[in-house]
């Protein structure tokens, strides 16, 4: 009989088994009874593949059997379908019902598969080693409740298709182990800030001033505080909502600031163009600017990410910055002698992997305080120091991806990277002598 072909039987078996498995797993996922990041990948991508494969094998086996029968290997008789026959009606009704169920299962699988591939879990944990730095930083960052696709993919079929095709290329690189280490910041193909940042952060609103404490401690026995108190002139917005001045003046909708960068990371900026609210145009050039490069390079209008270039995936630039922050937040006890000095020293050491780092950090810190009689009364503080230092390493250093302190530049400020000074250097000038000032009071007051 036609339905005895091995491929048809195999197809029917695959369809039946995967259908039951999928429905079971769908219920498990629906009620959040699992936490494994690979769960969705296996069951919402792999199972539907075998389900569809089974559906294709059934008619393929039927066709092959028909060909065999037509060669005279066995009687080729296709039973007629007579809807007046109750048996035939039941068979047809069963086929239609099963077809409906099959379509429903494929639709649910497609929906859950797409939904799962849009999750932060999929982006950050399936390709664990590759995306671990970005995933860890995102989880610990100010935008941890914003999913990856909201910034990196966006709405619309065209955007979705582009990024999924790009994902296929990345998957091929993963399989071939040909991906870069570290993963470079996607400077040139990020979505416009007006479609990401500005959907939540209203650029026209005046933000006023903000008090910022920059923690800093000495490497002496008392971990002496030398923290700096800044009043940041955030500013921005329109005159109707406040003064259109301050740091966010750069993205004031009535100002158009354009620039040209001649390097991949947009750190070297030889040309800046300002069109003010009255339509006056000012062109600033750095000394020795190459006009041919300026003409051939991208003329980019400044937006949020030109300064906030690590809004979610931020890392500390130095061990000193990381340890100072931990002391300021209480993760490391400032009363523990030489805590800052010892933590910085062990964090500056290169380790082969995370396990080796955890072991060495623990051993070295405990050895130091075991040999220091002044620390004998600080046993609990030593334990806190060890855990906090291990956390700082795991949060900022990823040996497998060659990510370490300062790997990813942050353009906020001007201490650990050129940042503001890419343009505000008193060197960018117009033909009539106007300059982009390097005046501290433009952005902040130190108190």
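The values are calculated or read from the model by the stated rules, or taken from the named source; none is laboratory data. Since we're looking at a predicted model, the values are computed, not measured. Cβ sites come from the backbone with ideal geometry, for glycine too, and all protein chains shown count toward neighbours.
Among the residues of the stretch 280-297, write down those that are surrounded by fewer than 12 Cβ atoms within 10 Å (Cβ to Cβ) and in contact with a strand residue (DSSP E or B) (Cβ under 7 Å, 6 or more places away or on another chain).
Result: 281, single match.
Got at least one residue in the stretch 63-73 being farther than 30 Å from residue 177 by Cα, surrounded by fewer than 18 Cβ atoms within 10 Å (Cβ to Cβ) and modelled with pLDDT of 85 or more?
no
How many residues are modelled with pLDDT of 90 or more and part of a loop (DSSP other than H, G, I, E, B) if we restrict to the stretch 435-447?
So the count comes out to 3.
Answer yes or no: is there a residue in the stretch 112-135 that is exposed (fewer than 13 other Cβ atoms within 10 Å of the Cβ) and farther than 30 Å from residue 54 by Cα.
Yes, because at least one residue in the stretch 112-135 is exposed (fewer than 13 other Cβ atoms within 10 Å of the Cβ) and farther than 30 Å from residue 54 by Cα.
Of the residues that sit in the stretch 172-205 and are free of Cβ contacts under 8 Å to residues at least 24 places away in the same chain and not in a loop (DSSP other than H, G, I, E, B), which one is surrounded by the most Cβ atoms within 10 Å (Cβ to Cβ)?
Result: 173.
Just checking, does the stretch 292-304 include any residue being in a helix (DSSP H, G or I), assigned by TED's automatic domain parsing to the domain that holds residue 377 and free of Cβ contacts under 8 Å to residues at least 12 places away in the same chain?
no
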